[in-house]
Each structure stands twice: as structure tokens, then as C-alpha cells.
């Protein structure tokens with residue numbers, strides 16, 4: 001099945017949840033089993049996988065829907081190389 005969607009952070013929701021959880025970027029990245037660079041990209045609006053989004057949501061104890069949104073691949077602004 002073709003992947004016609006992207007999963008992106010709802011604005012600054014991931015960054016805000018990380019800060020409210022008193023986690024540094026390095027701590028959240030480690031607990032979510034992703035690199036610090038990947039976390040930075042996600043916090044800045046780059047697309048991620050469903051799996052990674054759920055791991056981040058679990059670490060900061062927030063619902064997936066509160067942190068991420070699913071958008072059409074065609075609705076991007078061109079900044080995300082994964083589109």
C-alpha cells in the first residue's frame with residue numbers, strides 16, 4: 001500500500017511535552033530509542049514513523065493525538081525531505 005501521509009508534530013507540541021516532562025533533548029531521545037538529531041528534526045516539523053511517534057508519546061505520557069497529526073503528503077511546504 002502506498003504511503004500517502006506523513007506524521008508530524010502538532011506545532012511545538014513535542015518540544016513542549018518534553019520540557020513539561022523535565023527531559024533534556026538527549027534524555028527524551030535516549031528513552032525513545034532515537035538519535036538526538038532525529039528528535040530535533042521531529043520537534044522542527046519533519047515527518048516520523050508511527051512507531052517513533054508512539055514511543056515519544058509514551059515517554060512524555062501524552063496521547064499520540066495530542067502530539068502528532070497525520071497529514072497528506074501533498075500538503076507539505078517542501079521543507080521536509082521525506083515528502
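Please treat every number below as a calculation from the coordinates, not as lab data. Small disclaimer: the values here were computed from a predicted structure and weren't measured. Virtual Cβ from ideal backbone geometry, glycine too; neighbours counted across all protein chains shown.
Comparison of 28, 23 shows that the only residue that is buried (at least 16 other Cβ atoms within 10 Å of the Cβ), more than 23 Å from residue 73 (Cβ to Cβ) and out of contact with any helix residue (DSSP H, G or I) (no Cβ under 7 Å at 6 or more places or on another chain) is 23.
In the range 44-53, how many residues are free of Cβ contacts under 8 Å to residues at least 24 places away in the same chain and buried (at least 17 other Cβ atoms within 10 Å of the Cβ)? Within the range 44-53, residues that are free of Cβ contacts under 8 Å to residues at least 24 places away in the same chain and buried (at least 17 other Cβ atoms within 10 Å of the Cβ) number 1.
Taking the criterion of being in contact (Cβ under 8 Å) with a residue 24 or more places away in the chain and assigned to a loop (DSSP other than H, G, I, E, B), the residues of the range 1-43 that qualify are 3, 4, 10, 12, 21, 23, 32.
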